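Here's the structure we're looking at; comments come further down.
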Amino acid sequence: MQLRRAQAVLDGLRSFALDDAQRLAAAKERLTRAEEEVTAARAAFDSASMRAEVSQRVVHGAEELLPGAAAGAANPPGGPEAPEGKPMTLAQELISFVGRQRRPVRRAELIEYLNSARPDIRLSGIGPELTELVRKGRLVRVASGVYAAPESGEGGDA
């Protein structure tokens, strides 16, 4: 009788071990896929970073070759440069883009624009910057996540 109980317990343990082995194999497979995804994402990031760095060097070299280019004779794709020929700040970019649209702009549109026109700007500060611009009256919050230029024209360029 005890041998049968022992055999039943052993069968139960084998079942648990088999189930655990299957779960472990599935987890290993998921981990492998996740690691491959991270590797691909890291490669894409490294590639984009390298391209952005090379682009900046090419622009800098071209500005040195073309008289007056660095002083703003030719505007960058993101719009006009700030005074003194320096690239526009995040606030200036936001005000300029919203003003050119002549309609309310969603936050997602702002992020998409900045990603393409100014990859050098860190977007982590966009929320606080938008809040500050609204507080100062440079932009108007039309709805949650939707912004427009002030109607009175006070917004202008920062």
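Things worth noting here:
- Residue that is farthest from the chain's Cα centre (by Cα) [pool: residues in segment 93-135 that are part of a loop (DSSP other than H, G, I, E, B) and surrounded by 13 or more Cβ atoms within 10 Å (Cβ to Cβ)]: P104
- Count of segment 61-92 residues which are modelled with pLDDT under 75 and either within 22 Å of Y113 (Cα to Cα) or under 22 Å from the mean Cα position of the chain (by Cα) (or both): 12
- Filtering segment 41-66 to residues that are among the hydrophobic types (A, V, I, L, M, F, W, C) and in a helix (DSSP H, G or I) leaves A41, A43, A44, F45, A48, M50, A52, V54, V58, V59, A62, L65.
- Pairs, first on the phi < 0 side of the Ramachandran plot in segment 85-104, second of a type in the set (D, E), C-beta under 7 Å, six or more apart: P87/E81; M88/E81; L90/E129; A91/E129; Q92/D157; L94/E129; I95/D157; S96/D157
- Residues in segment 1-46 that are within 30 Å of P119 (Cβ to Cβ) and of a type in the set (D, E): E35, E36, E37, D46.
- Looking only at segment 1-56, residues that are over 30 Å from I121 (Cα atoms) and charged (D, E, K, R) come to 11 in all.
The values are calculated or read from the model by the stated rules, or taken from the named source; none is laboratory data. Fair warning: this is a prediction, and the values are worked out from it, not measured in the lab. Virtual Cβ from ideal backbone geometry, glycine too; neighbours counted across all protein chains shown.
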